[in-house]
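Remarks on the structure that follows.
What follows is calculated from the coordinates using simple rules that are stated; it is not laboratory data. Computed from a predicted model, the values in this text were never measured in an experiment. Counting neighbours? That spans all protein chains shown, and the Cβs are built from the backbone with ideal geometry, glycine included.
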Amino acid sequence: MLETKNLTIRFGGHVAVNAVSCSFAPGTLTAIVGPNGAGKTTYFNLISGQLPATEGEVWLDGEDVSRLPAPLRARRGLGRAFQLTQLFPHLTAQENVRLAVQARESGRHGGGFDLARVWLDRRAWIEEAQSLLETVRLLDKANVLASTLAHGDQRKLEVALLIALDPKVYMFDEPTAGMSVDEVPVILDLVRQLKQRRDCAVLLVEHKMDVVRELADRVIVLHNGQLAAQGEPSAVMASAVVQQAYLGVVPQEQLA
């Protein structure tokens, strides 16, 4: 579904991501972990097109999208949720989601503007937006401006927008960051449901190791911009080198 080949970016003399090659299959969830500054978010930015790669390629569903800007990659099926919420602040929660639904449908119909179809489809878009807001438990705030929502509700709204776009690849960059303990299960349940689908791949940058262990089919570890380890969660997490150097966990034998 998604593949990066020798993906690299340099900022002056600093190599932030260094020749990372990985493939991501549909029906799987891959967690990307590593210490702060390891290159995780930069790697996401290279995949989604927010940053142009110095070298390397990004392939999506058999198509080289390396030279496409972020909007066209999104239209091809790369869906991205950011560490900081990306919403239309002066629109309501429902309007935000409805625009995402409308953008998806416009893309499927070639992107042309048909005023008659807009009016005919508007009710269906609103109904789908309402359903998605119910899914993320925001239906009671459908008419609230996005800018006035609490941080946790803004994160849930961004996930609703991402689901509305129905991408081939879902990319979540710390989706539960800043959320209360009560709000986290809503997001994790949604990610879990996406993982059960067989027609999309899920990528997750996450610092909470309990979340990684519960959800991930595979873990890849980045360190200093390089791919340091990858494999099943239990094997990667059990590695003393990974625990000490990349996850900040001191092996038990050193504590004795």
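The table below gives the values:
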quantity	calculated
Nearest-ten-degree value, helix 93-108 long axis tilted from longest Cα axis of the chain	90 degrees
Lys/Arg +1, Asp/Glu -1 at C-beta; the chain dipole; positive extreme among Leu139, Met179, Leu51	Leu51
Segment Asp182-Arg213, length gained on full extension (0.36 nm per residue, minus Cα span)	9.2 nm
Charge dipole (debye, nearest 20) of the chain; +1 at Cβ of Lys and Arg, -1 at Cβ of Asp and Glu	440 debye
0 to 90° range, to nearest 10: angle between helix 184-196 axis and the chain longest Cα axis	90 degrees
Residue-averaged [θ]222 nm for the chain, counting only DSSP H segments that reach four residues, each worth -39500 (n - 2.57)	-11500 deg cm²/dmol
For the stretch 54-102 versus the stretch 141-205, the gap between their alpha-carbon centres in whole angstrom	14 Å
